[in-house]
Amino acid sequence: MSQKTMLMAANFRSKKQAMWRGALGKCPACNTRSLFAKYLKIADKCGGGGLVLEGHQADDAPPYFTIFIVGHIIVPVALIVERSYQPPLLVHATVFCVLAIVVSLISLPIVKGAVVGLQWALRMHGFAEPDAQTDDM
Ligand SMILES: [Zn+2]
């Protein structure tokens, strides 16, 4: 194996693996359970490998994807329930509002972790190589 090939293998970051680790709340780099400091607060630094996580810029992507996912779960279920049982409107409103909130609260940290993992794998924002970060300014 040439030196260039070995260097490329050492720098390779798997997008799928990083997103999966992030979705499980684990550091995308070292797989220790230290991505989140609180419910949705990303830790400043990984407790395992010391990866600096405060440079992530997930911003509005996790809520956007969460709304997309929850909408595609709740709307078909609501339509199936309406076609099958025709419950009163108040039952529909109560059940599906609570269900939408619960599914959103469950999926939001999963989606946020996956987004941060993808950003790390793509070397975006604060996850770029130290010499490449000077190019951003
Ligand atoms: Zn780590």
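Can you name the helices (runs of 4 or more DSSP H) wholly within the stretch 1-101 that have at least 2 residues being within 16 Å of the ligand (Cβ to nearest atom)?
Numbers: elements: 3-11, 15-23, 61-85.
The helices (runs of 4 or more DSSP H) meeting that bar are 15-23.
Just wondering, is there one or more residues in the stretch 106-114 that are among the charged types (D, E, K, R), modelled with pLDDT of 95 or more and surrounded by 15 or more Cβ atoms within 10 Å (Cβ to Cβ)? Lay out the reasoning, then the answer.
Start the filter on the stretch 106-114 by keeping residues that are among the charged types (D, E, K, R), which leaves 112.
Subset that is modelled with pLDDT of 95 or more: 112.
Within this subset, residues satisfying the condition of being surrounded by 15 or more Cβ atoms within 10 Å (Cβ to Cβ) are 112.
Within the stretch 106-114, one or more residues are among the charged types (D, E, K, R), modelled with pLDDT of 95 or more and surrounded by 15 or more Cβ atoms within 10 Å (Cβ to Cβ).
Do we find that ALA43 is among the small types (Gly, Ala, Ser), open to solvent by less than 30 Å² (accessible area, probe 1.4 Å) and out of contact with any Phe, Trp or Tyr (no Cβ under 7 Å at 6 or more places or on another chain) in this structure?
Details: among the small types (Gly, Ala, Ser): yes; open to solvent by less than 30 Å² (accessible area, probe 1.4 Å): yes; out of contact with any Phe, Trp or Tyr (no Cβ under 7 Å at 6 or more places or on another chain): no.
Against the criterion (among the small types (Gly, Ala, Ser), open to solvent by less than 30 Å² (accessible area, probe 1.4 Å) and out of contact with any Phe, Trp or Tyr (no Cβ under 7 Å at 6 or more places or on another chain)), ALA43 does not qualify.
The values are calculated or read from the model by the stated rules, or taken from the named source; none is laboratory data. Everything quoted here is computed from the prediction, not taken from an experiment. Cβ sites come from the backbone with ideal geometry, for glycine too, and all protein chains shown count toward neighbours. Accessible surface is based on the protein model in full, side chains and every heavy atom, while ligands, DNA and RNA are left aside. Shrake-Rupley method; radii C 1.70, N 1.55, O 1.52, S 1.80 Å.
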